[in-house]
Each structure stands twice: as C-alpha cells, then as structure tokens.
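Asker: Would you mind keeping the following structure in view while I ask a few things?
The values are calculated or read from the model by the stated rules, or taken from the named source; none is laboratory data. The structure displayed is predicted, hence computed values, not measured ones. Using ideal geometry, Cβ is built from the backbone for each residue, glycine included, and neighbour counts are taken over all protein chains shown. Note: areas computed on protein heavy atoms with side chains; ligands, DNA, RNA excluded. Shrake-Rupley method; radii C 1.70, N 1.55, O 1.52, S 1.80 Å.
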Amino acid sequence: MTTTVADLYPTRGSSETVTPRVDPVVWSEPGAPGPMRPSELSDFDRDGFLAIEELITPDEVAVYRAELDRLISDPGVRADERSIIEPKSQDVRSVFEVHRISEVFANLVRDPRVVGRARQILGSDVYVHQSRINVKPGFGASGFYWHSDFETWHAEDGLPNMRTVSVSIALTENYDTNGGLMIMPGSHRTFLGCAGATPKDNYKKSLQMQDAGTPSDEALTKLADAHGIKLFTGKAGSATWFDCNCMHGSGDNITPYPRSNVFIVFNSVENTAVEPFAAPVRRPEFIGARDFTPVR
Ligand code: 6CS
Ligand code: FE
C-alpha cells in the first residue's frame with residue numbers, strides 16, 4: 001500500500017487558485033538557541049525575509065568570489081549539466097550543486113552562521129535541497145520573473161510542506177541598478193496555485209526562463225497592491241534569508257557591474273521530498289536533492 005502525502009497546496013491545474021498558508025513560518029519554539037535574536041525571528045515570521053548586513057567578512061567574500069571565478073572558468077564545469085548558460089551572451093548564468101562539487105562552498109553550508117540560522121528557522125536538522133551560484137554578469141544578464149520557489153519545489157520536486165528556507169549571499173555589491181532581488185513582504189502567507197500543466201523536462205527551460213508556475217498579471221497586481229515590493233541592496237557579504245513561498249523576482253542586469261551570489265536552500269529533514277505533486281517526472285537530483293543527509 002503506497003502512502004500518499006496530502007497535497008496541501010494544489011497548483012498547475014486548469015486555473016489559478018489561492019490557498020492560505022497552513023504551515024508555520026518559523027518552526028522553532030520561542031527562545032530556541034541559535035544566531036538569530038527573537039526580534040529577527042519575529043521579523044522573519046511577519047515579512048517572510050530577513051536581511052543581514054554582513055553575514056560573511058570581506059576576506060571571506062574574496063575566497064568565495066575566487067571559487068566562483070574558478071568554477072565558471074573551468075571548461076568541465078561549463079560543459080556539465082549543472083551549469084546553465086545565458087541564452088544571449090553564452091556566459092555562465094548559474095552553476096547548481098556547488099555544495100557538492102566545491103569543498104569551499106561545502107564549508108559555507110556547514111558554517112554555523114549559515115546552517116545555524118536555517119536550523120533555527122526550520123526548527124529541526126536540515127539538508128540542502130538545492131544550491132547554486134548565480135553569476136548575473138553585467139551587460140544584459142536576464143533576471144528571474146516573479147515566482148514562488150515553493151510552488152516549483154512542491155509541484156516538481158515533491159516538497160510537501162512550507163518548511164524550507166533560502167539564503168542568498170551577495171558575492172558582489174548589489175546596487176539598486178544591477179538586477180537585485182525583489183520580494184513582496186508578507187506574500188509568503190498566500191499560496192498562489194498557477195494555471196497550466198508542467199511540461200516534461202520543464203527544468204531545461206524553466207531555469208533560463210520560467211513558464212509553468214508563473215502567476216498571472218492580475219494575481220501579481222493584487223499581491224503587489226497588498227504587500228508592496230522591496231528591493232534588496234547590500235555590500236558583498238550581505239545576505240537575505242527568505243521563506244520558500246515569498247513572491248520574488250529580479251530584473252535584468254544591463255549595468256557593467258555583475259550581481260553574483262551564492263544561493264543555498266535548506267529543507268527540514270521532517271519535510272523530505274516525495275513524488276512531484278504536479279509534474280510528470282522528478283527533476284534531476286542536482287536541482288532537487290534526494291540525499292536527505294543532515295548538514296553536520
Ligand atoms: O526552479 C528552481 O528550483 C529555481 N528557480 C528559481 C527561479 N528560483 C528558485 C530555484 O533556484
Ligand atoms: Fe527563486
């Protein structure tokens with residue numbers, strides 16, 4: 001008898017739907033130990049995000065920048081399926097699973113300032129569902145249209161509950177002009193089920209330009225009217241922690257200044273991936289992990 005996990009957040013049906021969030025945002029008990037102060041946890045609960053001015057030092061940024069540059073200039077990495085290439089410029093756009101192909105980024109994942117915050121928010125041990133470096137070079141790198149990550153991770157990777165948190169750590173300065181992350185504060189409490197079935201091998205396209213899982217203009221207008229839009233800027237070394245269901249996106253980068261970051265997605269070991277809730281097949285493991293070994 002196969003146990004079926006309840007689909008709490010239906011999506012990719014014939015029409016768009018709205019489902020109020022039933023999951024907590026902060027899963028740990030008040031006063032749970034960790035690097036985040038109670039006021040930071042309550043801000044995260046309210047807004048769905050928390051910006052940190054300096055998560056890693058400038059010297060550490062230099063180490064991670066060098067590692068990013070090493071990876072994207074390695075022809076083997078560039079040819080690997082983990083690398084997504086910018087359609088126009090043919091520059092490397094992203095490299096996935098950096099926590100497994102790079103010991104330097106593996107150390108970042110294990111850093112108590114990083115994994116400690118993830119455990120505190122998710123109230124359990126955690127494993128990496130996905131990691132990537134986004135290069136976002138200057139002179140035309142394209143952005144990411146509005147979406148909820150959880151909508152994809154639920155539909156295509158089979159994550160049952162909203163017990164997943166992302167951190168984007170800036171490796172170059174995030175100006176207000178070079179395609180920074182935008183989030184609608186508070187949008188994490190509404191799940192927008194998108195219309196349209198997931199095509200087979202959807203990831204081959206969606207990681208360059210998302211189609212399935214894209215909200216309608218009407219839904220986005222309602223959310224933006226209700227919540228506003230916050231643009232995140234910050235020095236290299238700054239970081240933004242955000243809940244898996246925040247409505248977010250980023251614009252193109254036509255400035256000369258790259259907007260590179262490392263992006264790590266922590267999932268609770270109590271929320272491990274099952275079968276996709278709205279896709280014909282699983283995505284490859286370098287995008288949606290199936291190794292649930294907790295980060296130690
Ligand atoms: O599909 C995904 O998993 C990825 N897509 C985007 C645009 N953000 C989250 C994630 O990295
Ligand atoms: Fe995203």
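Asker: Among the residues of the stretch 157-172, is any of a type in the set (Val, Ile, Thr), open to solvent by 10 Å² or more (accessible area, probe 1.4 Å) and closer than 25 Å to residue 194 by Cα?
Answerer: The answer is no, given that none of the residues of the stretch 157-172 is of a type in the set (Val, Ile, Thr), open to solvent by 10 Å² or more (accessible area, probe 1.4 Å) and closer than 25 Å to residue 194 by Cα.
Asker: Considering only the stretch 202-219, how many residues are in a loop (DSSP other than H, G, I, E, B), within 17 Å of residue 153 (Cβ to Cβ) and touching a residue at least 60 places away in the same chain (Cβ under 8 Å)?
Answerer: So the count comes out to 7.
Asker: OK, next. Out of 51, 66, I need the residue that is without any contact (Cβ under 8 Å) to a residue 24 or more places away in the chain and either touching a His at 6+ places or on another chain (Cβ under 7 Å) or open to solvent by 30 Å² or more (accessible area, probe 1.4 Å) (or both). Which one?
Answerer: 66
Asker: Determine if the stretch 149-161 includes at least one residue that is over 19 Å from residue 241 (Cα atoms), without any contact (Cβ under 8 Å) to a residue 60 or more places away in the chain and within 13 Å of ligand 1 (Cβ to nearest atom).
Answerer: Taking every residue of the stretch 149-161 in turn, none turns out to be over 19 Å from residue 241 (Cα atoms), without any contact (Cβ under 8 Å) to a residue 60 or more places away in the chain and within 13 Å of ligand 1 (Cβ to nearest atom).
Asker: Collect the residues in the stretch 187-201 that are in a loop (DSSP other than H, G, I, E, B) and open to solvent by less than 10 Å² (accessible area, probe 1.4 Å), keeping them in residue-number order.
Answerer: Passing the criteria: only 194.
Asker: So, one more: If you take the residues of the stretch 93-132 that are among the β-branched types (Val, Ile, Thr) and more than 18 Å from the chain's Cα centre (by Cα), which of them is least open to solvent (accessible area, probe 1.4 Å)?
Answerer: Only one residue fits best here, namely 104.
Asker: Let me ask another. Tell me, which residue of the stretch 210-238 that is among the acidic types (Asp, Glu) and away from ligand 1 (no atom under 12 Å from the Cβ) is least open to solvent (accessible area, probe 1.4 Å)?
Answerer: At the first step, the residues of the stretch 210-238 found to be among the acidic types (Asp, Glu) are 211, 217-218, 225.
Filter once more, keeping what is away from ligand 1 (no atom under 12 Å from the Cβ): 217-218, 225.
On the way: 217: 101, 218: 127, 225: 127 Å².
Out of the qualifying residues, it is 217.
Asker: While we're on this one: Scanning the stretch 71-85 for residues that are over 12 Å from residue 96 (Cβ atoms), hydrophobic (A, V, I, L, M, F, W, C) and touching a strand residue (DSSP E or B) at 6+ places or on another chain (Cβ under 7 Å), which turns out surrounded by the fewest Cβ atoms within 10 Å (Cβ to Cβ)? Quick ask: steps written out before the conclusion?
Answerer: Applying the first criterion (over 12 Å from residue 96 (Cβ atoms)) to the stretch 71-85 yields 72-76, 78-79, 85.
Then keep just the ones that are hydrophobic (A, V, I, L, M, F, W, C); that gives 72, 79, 85.
Right, trim to touching a strand residue (DSSP E or B) at 6+ places or on another chain (Cβ under 7 Å) and you get 72, 85.
On the way: 72: 19, 85: 14.
Restricting to residues being over 12 Å from residue 96 (Cβ atoms), hydrophobic (A, V, I, L, M, F, W, C) and touching a strand residue (DSSP E or B) at 6+ places or on another chain (Cβ under 7 Å), the top hit is 85.
Asker: Check the stretch 165-176 and report whether any residue there is touching a Cys at 6+ places or on another chain (Cβ under 8 Å) and part of a loop (DSSP other than H, G, I, E, B).
Answerer: Checked against the condition, which is being touching a Cys at 6+ places or on another chain (Cβ under 8 Å) and part of a loop (DSSP other than H, G, I, E, B), the stretch 165-176 yields no hits at all.
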